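For reference, the structure discussed in these notes is given below.
The values are calculated or read from the model by the stated rules, or taken from the named source; none is laboratory data. From a predicted model like this one, the values you see are computed outputs, not experimental measurements. Cβ: placed from backbone, ideal geometry, glycine included. Neighbour counts: every protein chain shown. Just so you know, the surface numbers come from the protein's heavy atoms only, side chains and all, with ligands and any DNA or RNA stripped out. Shrake-Rupley method; radii C 1.70, N 1.55, O 1.52, S 1.80 Å.
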Amino acid sequence: MTSEGSNTTVINLRKPVKGDGFRLNQLITECPPLDPNSIYCNLLQCSDFADTAVAAEKDGDLVGFISGYIPPRKSETVFVWQVAVHEKGRGQGLAKRMLKAIVARQELSHISHMETTITTDNDASWALFRSFARDMGAELTFEEHFTKDVHFGGQHDSEILLRIGPFTKPG
């Protein structure tokens, strides 16, 4: 567990537990425009995928969460599914600290790449992942991955796949 924050407020970073699933569901609904998932999906993110996720707590509240997984055919890669930072946790570099906390885990010592998908208009996410790549001394490449018309039936903007790596672990 890591503790970081301002002089008066500490944000604790830790692996999620099953009990965080419902709170995660609430957090996502309070962080538009993130796509909500079912509570059951959030329970799985907090249990089966806890090694590739991080929960951020401030004063007992869940104020940040990153969910991720290791793709079956890319054992050296962690795929970041969703990054959520509540307004109570913003302005402190929390999202990047959470990303670094995941890749620093001993059980993920084999990870040398990170992937995620982002829409072209999500400036905050682009800035986050570009900054993370710089901090990790890693290359960032991207290509269209899921297209609006083919994969989303015109209902959602196209998603661009970002790939960061290889990187070395923060030490």
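Quick check on the chain: take the gyration tensor over C-alpha atoms, sort the square-rooted eigenvalues as a ≥ b ≥ c, and tell me if it's rounded (a/c under 1.5), prolate or oblate. List each step's numbers first, then the result.
On the way: a/c = 1.43, a/b = 1.16, b/c = 1.24.
Rounded, because the longest to shortest axis ratio a/c is under 1.5.
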Notebook entry, point to check: Carbon and sulfur together cover what percent of the accessible area of segment 93-136 at a 1.4 Å probe radius?
Noted result: 47 percent
Check: Counting Lys and Arg as +1 and Asp and Glu as -1, each charge on the Cβ, what is the dipole of segment 106-171 about the Cα centre in debye, to the nearest 20?
Finding: 280 debye
Next item on the list: Provide the per residue accessible area, probe 1.4 Å, for segment 82-122, rounded to a whole number of square angstrom.
Entry: 43 Å²
Next item on the list: Quick one: dipole size for the chain, taken about the Cα centre, charges +1 on Lys/Arg Cβ and -1 on Asp/Glu Cβ, in debye to the nearest 20.
Entry: 560 debye
Notebook entry, point to check: What value, in deg cm²/dmol to 500, does the helix sum -39500 (n - 2.57) over DSSP H runs of n ≥ 4 give at 222 nm once divided by the residues of the chain?
Noted result: -7500 deg cm²/dmol
Margin query: Sort E115, E144 by heavy-atom solvent-accessible area, probe 1.4 angstrom, most to least.
Written below: E144, E115
Check: From the residues Q82, L34, L62, which one has its Cα farthest along the dipole of the chain in the positive direction, the dipole being from +1 and -1 charges on Cβ of Lys/Arg and Asp/Glu about the Cα centre?
Finding: L62
Check: What percentage of the solvent-accessible surface of segment 1-82, computed with a 1.4 Å probe over protein heavy atoms, is contributed by carbon and sulfur atoms?
Finding: 54 percent
Margin query: For a quick check, take a GNM of the chain with Cα springs below 10 Å and name the residue from I118, I160, I11 with the largest mean-square fluctuation.
Written below: I160
Next item on the list: For the chain, set up a Gaussian network in which alpha carbons nearer than 10 Å are linked by springs, and say which option among S38, S158, S112 fluctuates the most.
Entry: S38
Item checked: For segment 23-69, accessible area per residue (1.4 Å probe, heavy atoms of protein chains only), Å² -> 44 Å²
Notebook entry, point to check: Which cross-chain or sequence-distant (5 or more) residues have an amide H under 5 Å from the amide H of Q82, H modelled 1.01 Å from N in plane?
Noted result: S67
Next item on the list: Specify the residue with the greatest mean-square fluctuation among F152, F49, F22, computed from a Gaussian network of the chain linking alpha-carbon atoms under 10 Å apart.
Entry: F152
